[in-house]
Structures are given as C-alpha cells and as structure tokens.
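Worksheet: one structure, shown below.
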Amino acid sequence: MGLLDDLEQEARRRKAGADDIERAKQEREAAYRTQLEPGMAALYDYLAKLTQNLAFIKPKKTFSHAVAGYGDVVLSVDHEYDLKLSSTASSKEIKLSFPCPVVSDECPSIDVLGTTKVKAIAGAFQRFHLGGITFTKKDASGEVLAANVRARGKVVLAAHFVADADSGVVRMTFTNFDQLGGQQTKTVGPDQFTEGMYDEIGRYVAREPNGLFREALPDDYRKQLRTKVQQEEMKRRWETQMADRQREELAELERQQGLAGKLTKVVDQVKVGGLLNKLRGLVKKDK
C-alpha cells in the first residue's frame, strides 16, 4: 500500500469518526427537543402542584441528621417552597428550596469539656449554619474550656435540575436531604425521564418512601446474587446439620459413658462382694 493510499484511508477514518460525533450530537439535540425540554416543563408543573398541596395541607414531617461529636439534629419541614424555572435556547433549569427549622426541644443538650472538643463542634455548627453553642467556661486568656450545646436555627434543603442539548441528559442534585452539607446526585437519560420519575422525585422531596436512588441491578448481577444467596443457604443448612449431628453424637457418647460407668461400678461391687466372701471363708477355717 502506497503513501497516498495510507493518507486516504486515514482521511476516511477521521471523516467517519467526525460523522459519528456529529450524528451523536444531533441525536442528543433531538432528544432534548423532543423529550427533555417538554419533560422539564412537565416536571416543573408537577413540582408546582406538589408544593402547593404540601403548603396547603402542611403535613407534619420531622427527620434528623447526625453531627459528629454532638448527636442528631432534629428538623421539621416548614412547607415554604421557592420554585423557579429558567430557560435558554438549549437548556432548562429548575431550582427548588425550602427551609427546615431545627426542633431544639427534641435535640440533645450536652456539656462539652475541653478546648479541642468545643472547637470541633463549633466548627461543625458553623459549617452547617447552626447555632446553639453557649460558652460556659474560659481561662484567663479567654480560651474556651467548656460549652453547653443545643442545636437551633434552620437548614435549607435544595433540589437542582438541569437539562441541556449538549449532554442530552438531566442532572439532579439534592443538598441536605440525606445528611447535613451532603449532596446526592443522579443523572437520567431521556427514556428514564418519565411520569414515574417525577413521582419518585416528588416522594423524595416530600420525604416519603421512594426508590429515586435505588438503582436497578443488571440481570447477570442479579443472577449472581441469587446464586450466592442459595449457596449461603446451603452452607447454613449443612452447618446446622453438622451441629445437630455433633450434638447427637456427644449425647450418645455421654449416654454410653454413663452406662459404662454404671457397669464398672456393678463389676467393682461384684468383685468386692467376692473378696468379702473369701475373707469370711478364711475366718471360718481359722475357727
């Protein structure tokens, strides 16, 4: 193959690659226009109705997040929702947030001793925008030696949804829903972005049982798990049978040893009896 042939082959390869890239881009843009863009509008309408109903009904919802060194901070949902939708020619964005006040009466009140521990809890509370630390003892230089801590304040829960033509997917981010300062993220494609997904999102936002972050397992992996469970079950059954057999053998051994002990005792008694009879006979002869 000559130089010209090599160059032409490389040019065709690169052109094919460029065509594939362009085709994938067009598919993502088409998916955005036909599925994601109307889907985001539908999700916004769904969340608008959801939050309106929640704000009207005001169901009592409390939950807790742990803070290291302190304990559980109990929060309640205030049902004051801020929902916004923004759009460009090739993207849509939804932001939802709502405050959750700290239920101080249900939070622990603890006394923290030692400068290091006080600073650690104070730093954590500052990161999470919480109050409730009262310094109760300082040394001559003003260094804190002890504090009483009982959480107060509020935490803002936020959900962020972004869809664009460049990526062809919806990116979801949830902040403070499962832990203070923590984020849960999920990316879904056009085929997954359905009414069923809206319902899972709604349940997650409303703190109802949901499967939003429960990923479906591949069939092969599910089969492997099922086989492993069966093997573990067979192993437990075998271990149980062996344990039962060992207990039976031990009981039989104890029974046999008990019988042997009794038989030995009888034999000994017979021997002793025979010896006594011989002694009596000797005594009689002497007489």
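The values are calculated or read from the model by the stated rules, or taken from the named source; none is laboratory data. Note that this is a predicted model, so its numbers are computed, not measured. Glycine gets a Cβ as well: all are built from the backbone with ideal geometry, and neighbour counts include every protein chain shown. Side chains are part of the model used for accessible areas, which takes the heavy atoms of the whole protein and leaves out ligands, DNA and RNA. Shrake-Rupley method; radii C 1.70, N 1.55, O 1.52, S 1.80 Å.
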Quiz item: For segment 32-182, what is the accessible area per residue in Å², given a 1.4 Å probe and the full set of protein chains?
Solution: 52 Å²
Quiz prompt | Charge tally in the Cβ shell below 9 Å around residue 46, where Lys, Arg are +1 and Asp, Glu are -1, residue 46 excluded | solution = -2
Quiz prompt | Environment charge at residue 86 (Cβ cut-off 11 Å; Lys +1, Arg +1, Asp -1, Glu -1) | solution = +2
Exercise. Add +1 for every Lys or Arg and -1 for every Asp or Glu among the other residues with Cβ under 13 Å from the Cβ of residue 129, and state the total.
Key: +3
Quiz item: Each label point is 7 Å from the Cα along the Cα-to-Cβ direction; what then is the distance between the points at residue 111 and residue 246, in nm?
Solution: 5.1 nm
Practice problem: Calculate what fraction, in whole %, of the accessible area of segment 83-183 sits on carbon and sulfur atoms when a 1.4 Å probe is rolled over the protein chains. | Solution: 50 percent
Quiz item: Rounded to the nearest 0.05, what FRET efficiency is calculated for residue 145 and residue 25 with R0 set to 51 Å and r the Cβ-Cβ distance?
Solution: 0.20
Quiz item: Each label point is 7 Å from the Cα along the Cα-to-Cβ direction; what then is the distance between the points at residue 7 and residue 120, in nm?
Solution: 7.0 nm
Quiz item: Measuring from a point 7 Å past the Cα of residue 192 along Cα-to-C-beta, which residues in segment 148-169 have an amide N at less than 16 Å?
Solution: 160-164, 167-169
